[in-house]
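First the structure, in the form of structure tokens, and then the observations on it.
The values are calculated or read from the model by the stated rules, or taken from the named source; none is laboratory data. The structure presented is a predicted model; accordingly, all values stated were derived computationally and were not measured. FYI the Cβ positions are ideal-geometry reconstructions off the backbone, even for glycines, and counts take in every protein chain you see.
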């Protein structure tokens, strides 16, 4: 089998992410057009204004506080240089090589290997690892994991996913308001009803399906960003071996069994981690992460 180029992987995955984002935009435009035809332009503008205010307000808060909320949810503690010298040294070395500012480092208590990055930009980024990550990985494996997380920061994945979340949130809110408005508004005279029946039906179907479709697209974008981060990590350290071996160790771990172990993680931030912390047997459209075995296979061919 021919060797894969990490440059090609990065380009293809970014292209696929933008194409998926274009699908969300297309759904938003189509939903707006159908609703506009159904309820009239004046009423539609009211729906749009309300949706934009709610979506932007919610995302604005999340955008500036997402890393704080994520760290608080897993009870993460700052990782000082004296307490975690290897962790700090590895990240510092990678930051020097990549030209990125050093993010703030944190540690959370958990025996399984995992890590996540958050923050709105490289200057306001954080990386959090589990105690299992620091205890079970050697230097090269830890370097691979850190390169992956720094790749998310360098690729502005948080900002990209925030934009996606804004659009998905707007679609969900617009759909909800539209469906509720059908019960509020007067249906007018019978001639108008006959002329609008098709658009009303289309509007109802689209309002129900659009949020589901866009969430699936959002998950697909999240999976593509993981592949991109893997490829960018190889670009940073010029070797896939450390990350590949770390993923193999993650693959061999058992899922959390007790309720206490499961409560280490908030489901809302599970997609941020390098692998699904719940080890759920979910594949295909509803998966938050790409299959680890597929990620390993790609890295083996680089």
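Worth a mention:
- Evaluating residue 6 against the criteria (1) closer than 30 Å to residue 228 by Cα; (2) out of contact with any helix residue (DSSP H, G or I) (no Cβ under 6 Å at 6 or more places or on another chain); (3) modelled with pLDDT under 65 leaves one unmet condition, (2).
- Residue satisfying all of: in the stretch 287-302; farther than 17 Å from residue 161 by Cβ and either within 19 Å of the chain's Cα centre (by Cα) or surrounded by 16 or more Cβ atoms within 10 Å (Cβ to Cβ) (or both); modelled with the lowest pLDDT among these: 302
- Condition met for residue 150 (touching a strand residue (DSSP E or B) at 6+ places or on another chain (Cβ under 8 Å) and touching a residue at least 12 places away in the same chain (Cβ under 8 Å)): yes
- Taking first residues from the stretch 189-204 that are farther than 25 Å from residue 173 by Cβ and partners that are at pLDDT below 75 and loosely packed, with under 12 Cβ neighbours inside 10 Å, the Cβ contacts under 8 Å between residues at least 6 apart in sequence or on separate chains come to 193/187.
Residue-by-condition table, conditions (1) at pLDDT 95 or above; (2) touching a strand residue (DSSP E or B) at 6+ places or on another chain (Cβ under 7 Å):
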{"position": "106", "(1), (2)": "yes, yes"}
{"position": "111", "(1), (2)": "no, no"}
{"position": "116", "(1), (2)": "no, yes"}
{"position": "122", "(1), (2)": "no, no"}
{"position": "128", "(1), (2)": "yes, yes"}
{"position": "133", "(1), (2)": "yes, yes"}
{"position": "136", "(1), (2)": "yes, no"}
{"position": "140", "(1), (2)": "yes, no"}
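- Search result, residues across the stretch 62-83 that are closer than 22 Å to residue 154 by Cβ and either assigned to a strand (DSSP E or B) or in contact (Cβ under 8 Å) with a residue 12 or more places away in the chain (or both): 62, 63, 64, 66, 67, 70, 71, 76, 79
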